[in-house]
Amino acid sequence: MSFETLHPPVVHFPIALLLLGSAAALLDLAGVRRAELRVLAWWPLRLGWLGAAAAVLTGLLAQSGLPPRSPYSAVLNWHIGSGLAILLVYGALLYRQWLWTAKRRPPDTPPDLLDVPGARGWVIALLLLGMALVTLSGWLGGELVYTWGVNVAE
């Protein structure tokens, strides 16, 4: 199996997992307080980030065989850039959650980053930015396949 054929099936899981985790976290932040939402927020985000890393890796390897100057180069570059940005945005969020849960806190401190009042604004911003990047990257990938026929077997 080549990277050109491996990249398309790999991308769907991170898309679903990152959007699910983001939506669950936003619902929790909006005031729907349920323990299930915490599980549906952090675990899909972690798994989605790992899947996104695999999707970026297979995508970079798949594009290495494409001609460097092509009419779709701008779309491809935006697709690659948005994929890398997804790793940075969700990686930063997951790292901050890990730091928050790993450090020793006084007993009266919230146990989860979603409960920290001072973090609410930037957590919402990262979640919304991440969802926008996932949508953009998916749309650009669709453009590459359905408009330009990139890496489509003939």
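What the table shows:
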| quantity | calculated |
| --- | --- |
| Subset of the range 6-43 [under 10 Å from the mean Cα position of the chain (by Cα) and under 13 Å from TYR90 (Cα atoms)] | PRO14, ILE15, LEU17, LEU18, LEU19, GLY21, SER22 |
| Cβ pairs under 7 Å, 6+ apart, first in the range 28-40 and within 12 Å of ASP115 (Cβ to Cβ), second assigned to a loop (DSSP other than H, G, I, E, B) | ARG38/ASP112 |
| Any hit, the range 63-74, residues being assigned to a loop (DSSP other than H, G, I, E, B), crowded, with 16+ Cβ neighbours inside 10 Å and of a type in the set (Ser, Thr, Tyr) | yes |
| Residue in the range 45-54 that is under 16 Å from LEU144 (Cβ atoms), surrounded by 18 or more Cβ atoms within 10 Å (Cβ to Cβ) and at pLDDT 95 or above present | no |
| Every residue from the range 78-88 that is surrounded by fewer than 22 Cβ atoms within 10 Å (Cβ to Cβ) and among the hydrophobic types (A, V, I, L, M, F, W, C) | TRP78, ILE80, LEU84, ALA85, LEU87, LEU88 |
| Options LEU20, LEU45, LEU40: the member that is in contact with a Gly (Cβ under 9 Å, 6 or more places away or on another chain), part of a helix (DSSP H, G or I) and over 19 Å from THR135 (Cα atoms) | LEU40 |
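The values are calculated or read from the model by the stated rules, or taken from the named source; none is laboratory data. The structure presented is a predicted model; accordingly, all values stated were derived computationally and were not measured. Here Cβ is always computed from backbone atoms with ideal geometry, including for glycine, and neighbour counts include all displayed protein chains.
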